[in-house]
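A quick write-up on the structure given underneath.
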Amino acid sequence: MTVVGTTPPPQLPVRNKTVAAERAWGGVSPMLTRLAAERASGVLVRERGALYLDEGRVVHAESPLAPGFDVLLTAHGTLTAGAWRDAVSQSDDRHGAARLLLDGGHLSRGALELCHLCALYDAAYFALGPSRTPGRFRYGIVHRLGPVLPVPVAALERETLRRRDLLHRIWPDARPDGAPLLRTHAAAAPRLTARQQTLLDRVDGIRTATDLARELGRQAFHTLVDVRRLVAAGLVAPQDPPAPPEDERTPALDDRLAYTTDPHITLLKRLRDALEAL
């Protein structure tokens with residue numbers, strides 16, 4: 001018997017998940033990507049928030065649409081409002097408020113880091129949202145809290161995209177995120193969690209999801225998740241914007257015809273008048 005040898009097929013390329021993950025970012029904010037590559041330090045101010053960087057990594061985030069670090073700490077008694085005010089008033093470039101809180105025994109390291117990350121990712125979600133105006137970066141600006149846990153830009157952008165996708169899968173219409181919320185009545189309402197019920201009880205047609213998050217001392221993104229689930233269940237709806245005043249509405253057809261100079265429109269108006277006279 002003759003054995004014929006064959007050349008083994010070449011190995012298929014194996015996708016390096018670590019390298020792929022590092023490359024799969026940069027589409028949220030090209031400016032932030034560049035600042036990370038430059039290892040820049042300062043604050044990136046965008047339309048809906050700000051990101052503080054230290055050597056290219058994000059150390060803090062703030063947004064008017066998300067309860068701040070102080071709200072998350074003080075809302076449920078983790079820290080007193082007085083202790084927070086004292087730490088902020090005594091902080092400087094050498095001793096941030098976080099260090100003063102730790103040294104004073106007001107917070108444990110674990111509680112500080114957990115709350116800091118929650119506030120950072122929460123505010124960054126809004127700060128990295130689509131913007132109608134360009135961002136601007138100010139070098140050398142330091143946040144009053146001081147260093148806690150820096151977050152790589154790649155990780156922050158991936159989490160932001162994951163959160164966007166989650167909200168879209170729950171309910172694709174983003175209007176409930178920013179509009180005043182109204183209670184509705186579903187024919188067969190699902191059983192709600194205690195967290196969702198507490199939120200639903202405060203829906204009054206005036207407050208937005210952001211207002212409710214701040215009042216309850218909850219992360220704004222998690223509140224958006226609950227709101228969209230309530231909308232999907234038929235229990236909550238965004239309130240439509242008010243109709244424009246009468247003088248701002250589109251003129252009626254007769255008004256537009258009365259002032260038009262287009263000869264074709266004028267001819268049509270004359271034909272219409274002639275037909276009405278018959």
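The values are calculated or read from the model by the stated rules, or taken from the named source; none is laboratory data. Note that the coordinates shown come from a computational prediction; the quantities given were computed from them, not determined experimentally. With ideal geometry, Cβ positions are generated from the backbone for all residues, glycine too; neighbour counts draw on all protein chains shown.
Taking the criterion of being aliphatic (A, V, I, L, M), assigned by TED's automatic domain parsing to the domain that holds Thr33, modelled with pLDDT of 90 or more and touching a Cys at 6+ places or on another chain (Cβ under 9 Å), would at least one residue in the stretch 108-125 satisfy it? No. Considering the conditions (1) at positive phi; (2) within 16 Å of the chain's Cα centre (by Cα), Ala123 is excluded by exactly one of them, (1). For the stretch 45-73, the candidate set comprises residues that are part of a helix (DSSP H, G or I) and in contact (Cβ under 8 Å) with a residue 24 or more places away in the chain; within that set, the residue that is surrounded by the fewest Cβ atoms within 10 Å (Cβ to Cβ) is Val71. The single condition among (1) at pLDDT below 95; (2) in contact with a Lys or Arg (Cβ under 7 Å, 6 or more places away or on another chain) that Pro147 does not satisfy is (2).
The residue of the stretch 223-237 that is nearest to Cys115 (Cα to Cα), among those that are assigned to a helix (DSSP H, G or I) and touching a residue at least 60 places away in the same chain (Cβ under 8 Å), is Arg228.
If you go through the stretch 145-154 and keep only what is assigned to a helix (DSSP H, G or I) and under 16 Å from Tyr52 (Cβ atoms), you end up with just Val153. Going by the structure shown, is Thr208 of a type in the set (Val, Ile, Thr), at pLDDT 95 or above and surrounded by 18 or more Cβ atoms within 10 Å (Cβ to Cβ)? Taking the combined requirement at face value, the residue satisfies it.
None of Thr160, Thr198 is in contact (Cβ under 8 Å) with a residue 12 or more places away in the chain, within 29 Å of Trp84 (Cβ to Cβ), outside any loop (DSSP other than H, G, I, E, B) and not assigned by TED's automatic domain parsing to the domain that holds Ala40 except Thr198.
Just one residue in the set Val153, Val203 is farther than 28 Å from Leu117 by Cβ, surrounded by 20 or more Cβ atoms within 10 Å (Cβ to Cβ) and modelled with pLDDT of 95 or more; that residue is Val203.
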